[in-house]
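J.: Let me begin by handing over the structure; questions about it come next.
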Amino acid sequence: MKFTKVCNKTTQILLVVASVAALVLFFMTFATVTSSDGKELTLAGSQLAWKGDVELSNGQTVEMARSTDIWFCFILTCVGVLFSFLTFSKYKGMRYAAPAVTLGAGIYMLVISCSRPVEFVDIHTIDHVYSWGSIEYGFAVWGVTIALLFAAVVGVAHLLLDDYIVVNSSKSAKYTIPKRLVRFVKDYKSEVKKIVWPNRKTVFKNTVIVLSICLILGAFIWLVDFGLAQLLDLIF
């Protein structure tokens, strides 16, 4: 049990570290924009998420357009960091919330990482200054993705270990999450066996009744609509 508690505390700490690391990586290079004449412009994730100002090589400062997708991932990451810290508090529900939020953010970032940068990096605010040639993602994009997915994994591990400790330290009969899932599947199978499925004749009969009622109601609504339209034409 002592070893299990140590592992549980380790996963809890790793959850916080990974979620904080993902948040920090948002302030590093997310994309590198290269102009047609070889000039480069680096953009941090925070600039793409919060419309940050960017100073171009000619000294001009422009405001980047916000990437709604990156902004949403940034918000989810912040919420994940908050929930991961709250796992140390008395609010046990955070055990479920932290891995759920980080997993959602990680999957979203994985979609962004595997997509073309031009789909998520909006550079129309600087198009009038330079003729840009290409956009490439920086290492931070994959770094955030990996950190968030890792946080989700260790968050689930913490959830299972913490649940195992609570069940084994309780005097009442309780089940761990895996056992509860197995029990649910068994109960579901037993309930499915009790279902009385209708035969072909009954299905055909009920289908005809439903279609007939739909046709009657449709015809009634059409007649009411047609009548009201004619009435309005007479009035106006």
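J.: Kindly check whether there is at least one residue in region 139-153 that is surrounded by fewer than 17 Cβ atoms within 10 Å (Cβ to Cβ) and at pLDDT 90 or above.
T.: yes
J.: Hey, another quick one. Based on what the data block shows, is Thr77 in contact with an Asp or Glu (Cβ under 6 Å, 6 or more places away or on another chain), at pLDDT 70 or above and surrounded by 14 or more Cβ atoms within 10 Å (Cβ to Cβ)?
T.: Values: in contact with an Asp or Glu (Cβ under 6 Å, 6 or more places away or on another chain): no; at pLDDT 70 or above: yes; surrounded by 14 or more Cβ atoms within 10 Å (Cβ to Cβ): yes.
So Thr77 fails the test.
J.: In the list Val54, Val24, Val20, Val6, which residue meets the criterion of being among the aliphatic types (A, V, I, L, M), at pLDDT below 85 and out of contact with any strand residue (DSSP E or B) (no Cβ under 8 Å at 6 or more places or on another chain)?
T.: Exactly one of Val54, Val24, Val20, Val6 is among the aliphatic types (A, V, I, L, M), at pLDDT below 85 and out of contact with any strand residue (DSSP E or B) (no Cβ under 8 Å at 6 or more places or on another chain), namely Val6.
J.: Suppose the filter is at pLDDT below 85 and either within 26 Å of the chain's Cα centre (by Cα) or assigned to a helix (DSSP H, G or I) (or both); does Leu211 pass it?
T.: No; evaluated as a whole, the condition is false for this residue.
The values are calculated or read from the model by the stated rules, or taken from the named source; none is laboratory data. For clarity, every value in this text was computed on a predicted model and none was experimentally measured. For neighbour counting, all protein chains shown are included, and Cβ atoms are generated from backbone atoms with ideal geometry for every residue, glycine included.
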